[in-house]
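Note sheet for the following structure.
The values are calculated or read from the model by the stated rules, or taken from the named source; none is laboratory data. Computed from a predicted model, the values in this text were never measured in an experiment. Methodologically, a virtual Cβ is constructed for each residue, glycine included, from the backbone with ideal geometry; neighbour enumeration extends over all protein chains shown.
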Amino acid sequence: MATPNHQKGNLEHVHGRLLRSIPLFSSLDDAEFKEVQSRIVDRRFHKNRVVLMEEDTANYIYIVYSGKVRVVHLGTDGSERILAVHKRGDIFGEMAVLDAKTAPATVIAMEESEIGLLSKENFQNYLLKNEKVLLQLVDILCRRLREAQLVLKAIALPDAELRLRSILNHLSLLHGVRDDRGVVITLRLTHKELAGYTSVSRETVTRLLHRLADEGDLEMLENKTILLKRGFSDKLQML
């Protein structure tokens, strides 16, 4: 039977390999990397547990070790509008740490998730002084801006079907795996979560997904992923 220390060592090794694959940490030398890793605090969050509220966003950078989380704007009526989804290997919170301002969003675990927290102080002391890390940060922020612009463009469309098609195409670019059938969106989202992305009702999303499936544009797979069939993105441009 593995001892607690042995299990902890294995977990650190797994987390270390994942961290090394993330561009923000990959440019550190071995000594710097070990120092930064030792400063990261690991936390586990159950499904639907709040990872952070708006007032906490300027305190930490977050690394998703496993699971996935959604970044949402909460309406006064308790409704959620999904701004982004982060999965294993993603980081978030870097913008608020850089400018010391809170972000108008709440982050919620979509499933059992392991998250690493690196404090603002440690981020500034061990990462911001590294020129290669700064270049990676610029790249991350540019990518965040492009993704936000795409989502805003999609939800501004006047037609619910166009909004859903645009969001599905966006998700396929971020989380898609191409095969001979088309593109499989590996990110599993419920109809309610897709509704939060597209700013329409869950009932409308369900109705539209069934219609698009009947028309041969997509297929709902057994593992709850979505297959966008060949020509889906081309058809979007024609509408």
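Annotations
- Verdict on Leu187 being within 30 Å of Val97 (Cβ to Cβ), out of contact with any strand residue (DSSP E or B) (no Cβ under 8 Å at 6 or more places or on another chain) and at pLDDT below 90: no
- Of the strands (runs of 3 or more DSSP E) that lie entirely inside the stretch 83-188, those containing 3 or more residues that are within 20 Å of Leu24 (Cβ to Cβ) span 113-119.
Residues are listed down the side, and each one gets a yes or a no for (1) surrounded by 20 or more Cβ atoms within 10 Å (Cβ to Cβ); (2) more than 23 Å from Arg144 (Cβ to Cβ):
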site: Ser166; (1), (2): yes, no
site: Leu171; (1), (2): yes, no
site: His175; (1), (2): no, no
site: Thr204; (1), (2): no, yes
site: Leu209; (1), (2): no, yes
site: Lys224; (1), (2): no, yes
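- Condition check for Arg70: assigned by TED's automatic domain parsing to the domain that holds Lys120 and in contact with a strand residue (DSSP E or B) (Cβ under 9 Å, 6 or more places away or on another chain): yes
- You will find that of Val138, Val133, the residue that is surrounded by fewer than 13 Cβ atoms within 10 Å (Cβ to Cβ) and either among the charged types (D, E, K, R) or more than 21 Å from Ile167 (Cβ to Cβ) (or both) is Val138 and no other.
- Residue in the stretch 170-188 that is more than 30 Å from Glu35 (Cβ to Cβ), free of Cβ contacts under 8 Å to residues at least 40 places away in the same chain and either in the same structural domain as Ala105 (by TED's automatic domain parsing) or of a type in the set (Val, Ile, Thr) (or both) present: yes
- Within the stretch 57-69, restricting attention to residues that are out of contact with any Leu (no Cβ under 8 Å at 6 or more places or on another chain) and in a strand (DSSP E or B), the residue that is surrounded by the most Cβ atoms within 10 Å (Cβ to Cβ) is Val69.
- Only listed residue being of a type outside the set (A, V, I, L, M), more than 22 Å from Asn48 (Cα to Cα) and in contact with a strand residue (DSSP E or B) (Cβ under 7 Å, 6 or more places away or on another chain), chosen from Gly196, Gly182: Gly182
- Looking at Leu98, Leu128, Leu150, just one residue is surrounded by fewer than 17 Cβ atoms within 10 Å (Cβ to Cβ) and touching a helix residue (DSSP H, G or I) at 6+ places or on another chain (Cβ under 6 Å), and that residue is Leu150.
- Positions within the stretch 151-167 being farther than 19 Å from Ala103 by Cα and aliphatic (A, V, I, L, M), in sequence order: Ala154, Ile155, Ala156, Leu157, Ala160, Leu162, Leu164, Ile167
- Positions within the stretch 153-163 being surrounded by 12 or more Cβ atoms within 10 Å (Cβ to Cβ) and either in contact with a Leu (Cβ under 9 Å, 6 or more places away or on another chain) or without any contact (Cβ under 8 Å) to a residue 12 or more places away in the chain (or both), in sequence order: Ala154, Leu157, Ala160, Glu161, Leu162, Arg163
- Residue count, the stretch 70-95 (criterion: surrounded by fewer than 17 Cβ atoms within 10 Å (Cβ to Cβ) and within 20 Å of Ala58 (Cβ to Cβ)): 3
- Those residues of the stretch 185-228 which are over 23 Å from the mean Cα position of the chain (by Cα) and of a type in the set (A, V, I, L, M, F, W, C), in sequence order: Leu208, Leu212, Ala213
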